[in-house]
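Quick note: the coordinates plus some simple rules give every number you see, no bench work behind them. Note that the structure is a prediction, hence the values are computed from the model and not measured. Cβ placement follows ideal geometry from the backbone for every residue including glycine, while neighbour counts extend to all protein chains displayed.
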Amino acid sequence: FVAARLGFRQAGKPFADRREGAGVGGGVRARRAADRRLVDIDDLVEEFQPLDAVVVGGTTGESPALERPELEELIRRARKRLAGRIPLIAGSGTAGTAKSIALSKAAEAAGADALLVVTPYYNRPTQEGLVQHFTAIADAVSIPLILYNVPGRTACDLLPATIATLSR
């Protein structure tokens, strides 16, 4: 389980008004307790104030290791503990479109407010392939997608022109 503190920024300044547009976030890892219990979300929210969102199943290593029922359970627990105080973002991107769609639908049904969707790792799709991939996922759910581009980890780079195409 990883929770992230998103320090939203726009033009290098703290992003105070979420209505102004998209922001960029950086993560803070929350480690599992020695007895492998989940990190207490209430403690996490208190410790990292101000906290803009919590990310469950992000791509810092835990998402590929989680089975779908485990991710769904983490989302349900986080949703219950957060009680609408801040948004819950669920990682649902995988190496393939069909699996990403299934995981995205499951995350939405479990209570996620938005989805963190990484580029398909190691498949090296074309930019048009990325447009098709992200469009198919977005068409399958009713909550927002946050596109996650980490080319050093995925061997796939989501280019600015492709993001512009997707935003239309």
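At full extension, ILE143 and TYR122 could sit 5.0 nm farther apart than now, given 0.36 nm per residue minus the alpha carbon distance.
In region 125-168, the ratio of gyration radius to Kirkwood radius, Rg to Rh, stands at 0.95 when only Cα atoms are counted. In whole angstrom, region 76-137 maps to an equivalent ellipsoid with semi-axes of 26, 10, 9, each derived as √(5λ) from the alpha carbon gyration tensor and ordered largest first. Annotation: amide H of ILE146 within the under-5 Å range of LEU115, LEU116, VAL117, sequence separation 5 or more or interchain, hydrogens built in the peptide plane. Modelled label positions at ARG68 and ALA83, each set 7 Å beyond Cα in the direction of Cβ, lie 3.2 nm from each other.
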